[in-house]
1. Look through 3, 59 and report the one residue that is modelled with pLDDT of 90 or more and in a helix (DSSP H, G or I).
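The values are calculated or read from the model by the stated rules, or taken from the named source; none is laboratory data. Predicted model, so just to flag it, every value in this text is computed and none were measured. Note: ideal-geometry Cβ built from the backbone for every residue, glycine included; neighbour counts use all protein chains shown. The area values use the complete protein model at the heavy-atom level, side chains included, leaving out ligands, DNA and RNA. Shrake-Rupley method; radii C 1.70, N 1.55, O 1.52, S 1.80 Å.
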Amino acid sequence: MESWGVFFLGVIAFSAVVQAAFLVGLLVYGRRLAQRIDAIQERLDRDLGPALAHFTRVSQAAAEIADLATLQARRIDLVLGDTIERIGDTAATVQQLVIRPLKPIATLVAFLRGVQRGLEVFFAFDRDAPPGRRLPPRRRAHGRGDDDEHLFV
């Protein structure tokens, strides 16, 4: 039995040596990997550092431009709102000072045009002609040259 104990003790010692060799190999490979990662990190810092700084400056400039554009849009909105309000006030003032006093004059002008048209129709008929041969009244030109009488309901 003692020989079996020595055999198993030898197997345990051999596996400990293999395990130690594996750990040493893992340590060497880990150190090489760490050196490669450090080299890659240095290269990225060297290559991407200025680009990231430039990107940061550009993004800050874009943010400032967006803020200025927002401020200008607000100013334009205020100016347009004020202008529209002033136009409304001006229109109300014009209506109060010009159009309302002219309404009776417009009514009088319409009445005079009606009287004038009535006189034109009255004098356009030939009184001596028989009823079938009387001249019809003069028609008003519509500007388009078409007859809209068929649209009258």
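1. 59
Every residue, every condition in (1) open to solvent by less than 100 Å² (accessible area, probe 1.4 Å); (2) touching a His at 6+ places or on another chain (Cβ under 6 Å); (3) part of a helix (DSSP H, G or I); (4) modelled with pLDDT of 90 or more, yes or no:
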site	(1), (2), (3), (4)
73	yes, no, yes, yes
81	yes, no, yes, yes
97	no, no, yes, no
108	yes, no, yes, no
118	yes, no, yes, no
126	yes, no, no, no
